[in-house]
Amino acid sequence: MRFVPHWLAIALLIACCAAGQARVYLGNETLAMRGYEMLRGKRVGLLTNPSGVDGRGRSVIDILH
């Protein structure tokens, strides 16, 4: 009986990993998909750091520039 919780935990882990994963979009990717319509005609400032990248690893500054 002692091993039942271990098997249950393993079964739950496998079930969670097998479930479909939804794609999470970053804010900059959402803006790009919508054609930057929200920013059109506005002055925008961007505060970022070296980790400010999109899903492909491209810098947000380079994308918006």
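Descriptive notes on the structure:
- Helix 4-18 and the long axis of the chain differ in direction by around 30°, with both axes built from C-alpha atoms.
- Extending 7 Å from the Cα toward the beta-carbon at both I63 and E29 defines two label points whose distance is 0.8 nm.
Throughout, read-outs are computed from the coordinates displayed, never taken from laboratory work. Worth saying up front: this structure is predicted, and the values here are computed from it rather than measured. Every residue, glycine among them, receives a Cβ derived from its backbone with ideal geometry; neighbour counts consider all protein chains shown.
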